[in-house]
Amino acid sequence: MPAPKKVTREDILEGALNTLRESGFASVNARSVAKNLGCSTQPIYLSYKNMNELKTELIKRAIQEHSSRVKECMEGQNIKWSRYCSYGIGLVRFAKEEKQLFRFLYLDDGQNGNRQDDIHIPQIIRVIQEDYGYSEEIARQFHRDMTFYSFGIAVMVNKGSLEISIDDLATTFHREFLALTSIYGVPPKQLSEKQYGENNT
């Protein structure tokens, strides 16, 4: 008779992540995770001291998943848009494709505090400085204002109140970018349409 499959700590964490993806953070408990894995709750308590420990790891894993998805879009090969535009597109894509994870990380209250401090911020600020020639101070102010705009779109897409194609999304980011240059000044570096955020189609 074959030995029963060993359920590893990583398996349990992935099971918790899948439960969060399917039903939201409030649904994550020992029974729901065990059901997702097709096992009893025993392996969970053999690998984790309690559910709080598992949930702490789950929060880190959810943030890592978000970071990976957005970074992949921003650093993707053969993209039609600027690095900065691709960051916004990555955020909106994540909001659409990972509805529960986006809600958990950005909209739900009482889980782990607010998440206004995006871990991509240092990289994004460098991108704005390198590609557009703004000072660090202006880059931070510019990105703050652009975030208000892109986050609003992401929330509407997440809630299903807005359908928008990637090309249209790039165009609307382009227009907002240009609007903000009237406040913060024309970028010191001379830019092509692609660098502004417009696609090449």
Quiz prompt | Burial ordering of PHE104, PHE148, PHE25, PHE173, fewest other beta-carbon atoms within 10 Å first | solution = PHE148, PHE25, PHE104, PHE173
Quiz item: Taking only the alpha-carbon positions of the range 1-48 and ignoring solvent, what does the Debye formula give for the base-10 log of I(q)/I(0) at q = 0.15, 0.22, 0.26 Å⁻¹?
Solution: -0.35, -0.69, -0.91
Quiz item: Straight-line reach from LYS71: which lysines have Cα under 30 Å away, leaving out those fewer than 8 places along the same chain?
Solution: LYS55, LYS60, LYS80, LYS96, LYS99, LYS159, LYS189, LYS194
Practice problem: Report ³J(HN,Hα) in whole Hz for each residue of the range 140-148, in order, from the Karplus equation J = 6.51 cos²θ - 1.76 cosθ + 1.60 where θ = phi - 60°; Gly and Pro get x. | Solution: 5, 5, 4, 5, 4, 5, 5, 5, 4
Quiz prompt | Residue exposure sequence - ASP168, ASP131 - by fewest surrounding Cβ within 10 Å | solution = ASP168, ASP131
Quiz item: Arranged by the count of other C-beta atoms within 10 angstrom, fewest first, what order do ARG103, ARG144 take?
Solution: ARG144, ARG103
Practice problem: Sticking with the crude label model, points 7 Å out along Cα→Cβ, report the distance from ARG21 to LYS60 in nm, one decimal please. | Solution: 2.0 nm
Quiz item: How high is the FRET efficiency between ARG9 and ARG140 when r is their beta carbon distance and R₀ equals 30 Å, given to the nearest 0.05?
Solution: 0.20
Self-check item: Stretchable slack from ASN29 to LEU107, in nm (0.36 nm times residue separation minus alpha-carbon distance)
Solution: 26.0 nm
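No value in this document is a laboratory result; all are computed from the given coordinates. Keep in mind the model is a prediction, meaning the values are calculated, not measured. All Cβ positions, glycine included, derive from the backbone under ideal geometry; neighbour counts span all protein chains shown.
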